[in-house]
Amino acid sequence: MGQVNSQLEDLDDLDRQAVLNYDLTIKGVCNKIKTGGVKNIVVIVGAGISTSAGIPDFRSPNSGIYNNLEEYNLPTPESLFDIDYFNENPESFYNFAKNLLPGNYYPTLSHYFLKLLAEHNILQKVYTQNIDMLERLAGIPSELLCECHGNFSTAYCSVCHKPCDSSIVEEGIMSNTVLKCFDKECNGYLKPGIVFYGEPLMKNFQLISANDLMAADLLIVMGTSLAVDPCANMPYQVDVYCPRLLLNNEVVGPFVNYKSSSNYRDVVSLGNLDDLVYIFAKEMGWDRELYRLQRNSYNKLDKLYHPDRLFNPLNTIISMIKSFSPFTPRVDDDDEYSVNSVNSKDTDEEIDDYSPNSMPYIIPAFF
Ligand code: CNA
């Protein structure tokens with residue numbers, strides 16, 4: 001970081017202007033992409049990109065796990081992912097993790113935005129702190145994804161670390177049965193390959209992330225409070241010429257100084273993430289493509305996890321009644337950028353007809 005600071009001091013006004021031409025808006029960032037100035041975007045994401053799917057984050061007021069500790073029976077929110085706490089009280093994690101198993105939640109528009117960056121060959125890597133695996137479900141290629149805190153695809157004992165079949169742990173989580181280590185001599189419990197506080201990160205994390213951050217010509221931070229290392233530290237490691245864009249409900253990390261007169265590269269856009277990625281996609285001319293990505297993926301996920309939804313006549317009737325009902329909630333006409341979720345059954349024409357002022361009301365695909 002010291003090196004970055006000294007580089008910063010060496011920058012003259014022309015250097016600073018070259019970064020975003022002092023247009024510190026999403027439009028300014030998009031102009032840089034459109035003119036070919038961005039080819040390697042590194043994105044850091046956190047629990048905020050999954051809240052619209054229904055998975056609570058840590059710190060959002062009211063809905064965050066911080067405010068609902070009784071439900072999970074926790075002394076602190078971090079206890080949920082604390083290895084010492086898990087070894088004493090594995091039930092809380094098993095209870096929470098049940099919701100995160102594949103099929104319970106679908107990726108959000110924000111996840112498909114990441115996939116869109118990959119499709120346009122400008123994604124260097126997504127660093128996710130999430131363990132819900134929705135990035136995978138959205139189709140982000142594994143070589144462009146770093147699940148910093150692990151995932152459910154592996155499993156091991158929390159004490160002796162002997163690996164075990166992840167499907168056994170999944171079944172245990174699903175049936176609310178806390179599983180003990182198969183070794184009778186060991187006092188550990190079986191857990192998925194999620195990195196808990198107190199456990200080491202994946203091998204080579206520092207090396208891999210340092211390389212990506214050095215190559216980054218745009219850093220996007222989405223849906224994280226940047227309170228947890230190693231991601232909290234990553235925005236400080238990009239080059240001084242690298243613009244940094246925050247899409248979030250609140251200002252976090254190094255972005256706190258974005259109003260300073262010396263700021264030349266930090267862009268802060270506050271609001272609901274799915275709205276913000278829509279604004280970004282629209283600015284790039286990719287908004288229909290983004291919706292189609294989501295619709296096509298929801299179609300596949302429905303077939304995989306909820307085939308019953310595909311041919312549910314009741315849902316179709318309810319959907320028709322809702323679309324003609326004068327009591328159906330509509331997106332506020334004044335809110336130019338409000339977006340609704342795409343339905344897996346939307347046709348290309350329906351998606352083409354979407355416009356900021358004529359968003360259809362859609363029954364969420366999950367229910
Ligand atoms: P956090 O500390 O709860 O921060 C979330 C951030 O996202 C906050 O700044 C919120 O204001 C913001 N936010 C939430 N919803 C939205 C929204 N719809 N639009 C815009 N902004 C929004 O969570 P972090 O990810 O920063 O913390 C890292 C922890 C949380 C990691 O260890 C995760 O494993 C852990 N976690 C993960 C999940 C998951 O996998 N989905 C859920 C809960 C916690």
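Put +1 on the Cβ of every Lys and Arg and -1 on every Asp and Glu Cβ in the range 52-135; which of Ala97, Ala118, Gly64 then has its Cα farthest towards the positive end of the dipole?
Final value for the positive-end residue is Ala118.
Relative to the Cα centre, what is the charge dipole magnitude of the range 1-90, using +1 at the beta carbon of each Lys and Arg, -1 at the beta carbon of each Asp and Glu, and rounding to the nearest 20 debye?
On the way: 6 positive and 13 negative charges, 141 e Å.
Using Cβ point charges on Lys, Arg, Asp and Glu, the range 1-90 gives about 680 debye.
Mind running the shape call on the range 142-241? Use the C-alpha gyration tensor, a ≥ b ≥ c as the square roots of the eigenvalues: rounded below 1.5 for a/c, prolate if a/b tops b/c, oblate otherwise.
Values: a/c = 2.82, a/b = 2.54, b/c = 1.11.
Here the range 142-241 falls in the prolate category.
Using 28 Å as the Cα-Cα cut-off, could you pick out the over-long pairs in Lys203/Lys303; Lys180/Lys303; Lys162/Lys203; Lys34/Lys203; Lys39/Lys282; Lys98/Lys300?
Beyond 28 Å: Lys203/Lys303; Lys180/Lys303; Lys34/Lys203.
Using θ = phi - 60° and the Karplus relation 6.51 cos²θ - 1.76 cosθ + 1.60, list the HN-Hα couplings for the range 141-157 in order, rounded to whole Hz, with x at every Gly or Pro.
x, 4, 6, 9, 10, 10, 8, 4, 9, x, 7, 8, 7, 10, 7, 6, 7
Before anything else, pin down the relative contact order of the range 41-185: Cα pairs under 8 Å, at least 6 apart, normalised by residue count, whole percent. Each step should come with its number before you reach the end.
On the way: 188 pairs, mean separation 33.8, N = 145.
Result for the range 41-185 is 23 percent.
If you count, for each residue, the other Cβ atoms within 10 Å and average over each peptide, how do 47-53, 182-188 line up from highest to lowest? Show your work: numbers first, answer last.
Numbers: 47-53: 24.1, 182-188: 12.3.
Result, highest mean Cβ count within 10 Å first: 47-53, 182-188.
If you take the square roots of the eigenvalues of the alpha-carbon gyration tensor of the range 155-202 and sort them as a ≥ b ≥ c, do you get rounded (a/c under 1.5), prolate (a/b over b/c) or oblate?
Values: a/c = 1.84, a/b = 1.20, b/c = 1.54.
Oblate shape, in that a/c is at least 1.5 and b/c is the bigger or equal ratio.
Measuring from label point to label point, each 7 Å out along Cα→Cβ, what is the Cys160 to Lys98 span in nm?
The answer from the label model is 2.9 nm.
Between Lys184 and Glu88, what is the spin-label point distance in nm, taking each point 7 Å from the Cα along the Cα→C-beta axis?
Each label point lies 7 Å from its Cα, and together they span 2.9 nm.
Figure the gain on full extension for Lys300 and Glu70 (residue separation times 0.36 nm, minus the Cα-Cα span) and round it to one decimal in nm.
On the way: separation 230, 0.36 × 230 = 82.80 nm, distance 3.63 nm.
Length difference between fully extended and current span is 79.2 nm.
Could you give the length gained by full extension between Lys203 and Ser167, i.e. 0.36 nm per residue of separation minus their alpha carbon distance, to one decimal place? All intermediate terms of the calculation are to be shown ahead of the outcome.
Details: separation 36, 0.36 × 36 = 12.96 nm, distance 2.36 nm.
Length gained between Lys203 and Ser167: 10.6 nm.
Once a ≥ b ≥ c are taken as the square roots of the eigenvalues of the Cα gyration tensor of the range 221-260, is the result rounded (a/c under 1.5), prolate (a/b larger than b/c) or oblate (a/b not larger than b/c)?
On the way: a/c = 1.69, a/b = 1.09, b/c = 1.55.
Note, shape of the range 221-260 comes out oblate.
For the range 63-154, what is the charge dipole size about the Cα centre, in debye to the nearest 20, if Lys and Arg each add +1 at the Cβ and Asp and Glu each add -1 at the Cβ? Please report the intermediate quantities before stating the final value.
Numbers: 4 positive and 12 negative charges, 97 e Å.
I would put it at about 460 debye.
The numbers here are math on the coordinates, done by the rules we state, and not lab data. Source: prediction; values computed, not measured. Note that each Cβ is placed from the backbone with ideal geometry, even for glycine, and that neighbours are counted across all protein chains shown.
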